[in-house]
Each structure stands twice: as structure tokens, then as C-alpha cells.
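Written below as C-alpha cells is the structure these notes are about.
The values are calculated or read from the model by the stated rules, or taken from the named source; none is laboratory data. All figures in this text were calculated on a predicted structure; none of them were measured in a lab. Neighbour counts run over all protein chains shown; Cβ positions are idealised from the backbone, glycine included. Remember, those area values only see protein heavy atoms, side chains included, never the ligands or the DNA or RNA. Shrake-Rupley method; radii C 1.70, N 1.55, O 1.52, S 1.80 Å.
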Amino acid sequence: MQLSALALALMLPALPMQADNLFDTLASRLSGASTSLDAASESVKGQQAAVRAEVAPEDPEIEMEYLWPHDRGEKNRWSLGVSQKLPDFRRRAAAGRVVAALDSAGSAQRQALSADNLWEARKKLIEYIGVYKEHIILHEIHQNFDSLSTAYERAWKRGESTLLDLNKIRIEHAQAYSADFEVDGRMEALEQEIIALSRGAISADELRQLTEYPYFHITPTASSFPKGHLVDPSEECAHPEDEAESALNVDQETLDKAIKQSPQYLSMLAARRAAQAQVELAGKSRFPSLSLGYVHAFEDGHHFNGISAGLTLPVWSRSAEKSSAVADLLALEAENSTAFAELTASVKSDLLKASALKQRLDMFGPAIVCADNLRLLRMALKGGEITLLNYLQEISYFSQATLEYNSVNLEYALTMASLLRYFPSLK
């Protein structure tokens, strides 16, 4: 697989340019409002309690026997006993290891869930910024046609413009107003959704301060990766030739090593260790268990005290429990193998996608962001260099190009945020 230095840099753990900026603060609040971590913790506690219950001492058993004689003259006989099955210390030790493994698995799972929750929060906020950017673009177009409409109304009244020209402006004005109104509705809906998901931890005023896409600075931490530099995506006017990039060969082993440090993969390993501990616990069921008790009996007018002992013979169930645990382990290993392959494919796809999107941004920037195309078109129209029809066609062209640029910028930010699930931000 061929990847540029930039694409390889994207693979490395990423760090927001300012760790305490508003975007990070709101993302932390939004992800913290999720109940998935609490649910995962309670689920682990339930599993641990179930394991402890399996090896907990059984309740004492009281047994009573009363016999009536068949012949007269014989006295009734009765006995009373209390017995207790002794705990299996081998199973108790194995159960302790299962509980510890479940605790580790739960901790790893919470780390992976935290990364996923933060990704979902960042995704929502980035989508909000994307809609805001679209709102700014469409609002500017709307305002442009507002002024044009007023100007052409006056010109038509003075006989300096035709009714056809005025109607063209009116149609474009109505379309611009409709598009502006529609994006305002989407932004309001997304704003309310984020506030609801945060359970009141985020206010509308705070959201409206998010006007720029986040910049994730790539910081290499592993000596096995060459160092790379990522240009701030807000520097739209940077020329692609300013970035010296060299082709690099990234072998599968190097990529696997990076992915195996991710919270998702570590969670898989911890779950597998917990399943192996369950197999070990199930294997202890083949040993017999012993019970001891006290017995008091009354026979032939005499009282007797004694002890009782019992021994279970695990003949029928000695392999069933372990077979079940082994099957669960094999199923989990198969799932982990599939999940790792999917994880690798996802990371590869995001790396290549981010690199391609960044190149498009560098190429788009000078023509879209660094040039005030609307102003240039207005000047050309006023100067008589282009007709009204040409002006409207050019406005449509540049508007679509600007919206496409915003769409690429949005996709780039989302792709970078997606990679941070597997390579968490350094603090």
C-alpha cells in the first residue's frame, strides 16, 4: 500500500491545536452526557456477581426423619441433621481470577466506549459547524440578491431595465431566500438535538460560537513512524506545492502494530482474557465436592449424636460446563478476528480518504476562499463586462463550488475525528 507522508502522519495520535478550546469542551460535555459507560459498568458488576454466586457457599441443609413402628410396643424413631457443602477452594480461586479479568475487560470496554462517545460528540458538533458554514454561504447569496433585487426594481421603474431581467432577479431571489430559510431550519433542528443529547450541559449561545472546523494537529509518538506535518485546514490559501511530500511504503505489520494499541483492540484482548478465565473456572467443575453435617437421632428410647458426610460424583456434567465455555471462547475469537479485519480496513480507508480530501482542500482554497468571487462578479456586471444571464450563471457556478468546498471540508474534519477513535488525543 502506497501512502504519502501526510497520510502516514494522519495515522499517528492526534492532538487538537488548543486542548482547552470551546470545541473540545463542548465535545467532552456532550460525550459525558451519554449513559453508555454507566450501563457498561453495571453490566460488568452483574457478570461479576453471577460468577461469585456460582462459588458462594451453599445454604445449610436441614433434614428430618420420623418413623412410626409397625408393631405395637415399639417406640417411634426420629432423626434430625444439619449438613453443609464445603466450598471448593479451587473454584473460588478460579472465580477470583474471572472477576479480576472481568474488571479489566470492563475498564478496557469503557475506554473504547469513551472513544466512541467522543467520536459521536465530535461528529455532531462538526456537522453543526458544517451546517453553520452552509448557512453563511447561502445567507451571503441571499443578501446579494436582496440588493440586486432592489437595484433592478429601481432600474425597471426608471426604464433602465427590462421586465424579463427583473423577473430573472426575482426568481433567483426567491430561490436564494428558500435555500437560506431551509438551512436555517436544519441548523435550528441540529442545535436543539445537540442540546437535548447533552441533557442541558450545552447552551445555544455556546453552540453558536462554533464557527470553524476543529484542527487536529498530528504528533508522531512512535519511532517506527516517520514524522509528518499536517497543514491547518483553516489555512485554505496554502498552495499544494508548499507541502513537500514523499511516497512511503507502509507495510501491513506497521499498520497492525498501530491499530493494536487502539482502545478498541485492547478491549477485544481483555474480553478474550475474561473468556479464557471462564474456561479455567468451568474446568474446575470436574472435581467432586464434599459435604459434612451433624446428626441427632432417637431410636429405641436412646439419643444418638453423630456426623454425616457426602461426596458428589460429577459423572454426567463434568464436561458440559467446560465445553460450553470453550465454545464461547472460540466464538469470541472468531468475532475478534473479524472485528480486527474490519478495523484495519476502516483505518486504511480513512487514512487514504483524509489524504485525498486534504489535497482537494489545498487545490480548492485559492479559488474559493482566497477570492471574493461575488464581489468580482458584481463589478463585472456593473461594468458591462457580462450580461445579467451570464452573471446569474456564474453566480450559480461559484455558489455550487463554494458549497462543494464546504462539503469537502466537512468530510475532512469528520474523517479526522473518526481516526481519533483509534488513536486518542494526547493530553
Considering each residue of segment 155-171, count those that are modelled with pLDDT of 75 or more and either within 14 Å of K382 (Cβ to Cβ) or under 50 Å from the mean Cα position of the chain (by Cα) (or both), and give that number. 4
Keeping to segment 112-137, report how many residues are touching a residue at least 60 places away in the same chain (Cβ under 8 Å), within 27 Å of F398 (Cα to Cα), of a type outside the set (F, W, Y) and open to solvent by less than 30 Å² (accessible area, probe 1.4 Å). 5
List every residue pair whose Cβ atoms sit under 7 Å apart, with the two residues 6 or more apart in sequence or on different chains, where the first one lies in segment 159-185 and is closer than 15 Å to S147 by Cβ and the second, anywhere, is aliphatic (A, V, I, L, M) and surrounded by fewer than 17 Cβ atoms within 10 Å (Cβ to Cβ). S161/A155
Checked segment 283-312 for anything within 51 Å of the chain's Cα centre (by Cα) and either closer than 30 Å to G73 by Cβ or not small (G, A, S) (or both); matches are K284, R286, F287, P288, L290, T312
Having 2 or more residues that are touching a Phe, Trp or Tyr at 6+ places or on another chain (Cβ under 7 Å) and under 30 Å from A108 (Cα atoms) is the bar; report the helices (runs of 4 or more DSSP H) wholly within segment 319-425 that clear it. 320-368, 388-419
So which strands (runs of 3 or more DSSP E) stay within segment 188-306 end to end and still have 2 or more residues that are modelled with pLDDT under 85 and within 30 Å of V326 (Cβ to Cβ)? none
Being closer than 19 Å to I136 by Cα and either at pLDDT below 70 or charged (D, E, K, R) (or both): is that true of R375 here? yes
May I ask you to list the residues in segment 138-153 that are closer than 18 Å to Y397 by Cα and in contact with a Leu (Cβ under 6 Å, 6 or more places away or on another chain)? N144
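Answer yes if at least one residue in segment 315-325 is more than 30 Å from A155 (Cα to Cα), surrounded by fewer than 17 Cβ atoms within 10 Å (Cβ to Cβ) and acidic (D, E), and no otherwise.
Scanning segment 315-325 turns up no residue that is more than 30 Å from A155 (Cα to Cα), surrounded by fewer than 17 Cβ atoms within 10 Å (Cβ to Cβ) and acidic (D, E).
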I'm trying to understand the selection: among the residues of segment 293-303, which are of a type outside the set (D, E), touching a residue at least 60 places away in the same chain (Cβ under 8 Å) and either loosely packed, with under 13 Cβ neighbours inside 10 Å or within 15 Å of Y66 (Cβ to Cβ) (or both)? V295, H296, A297, F298, G301
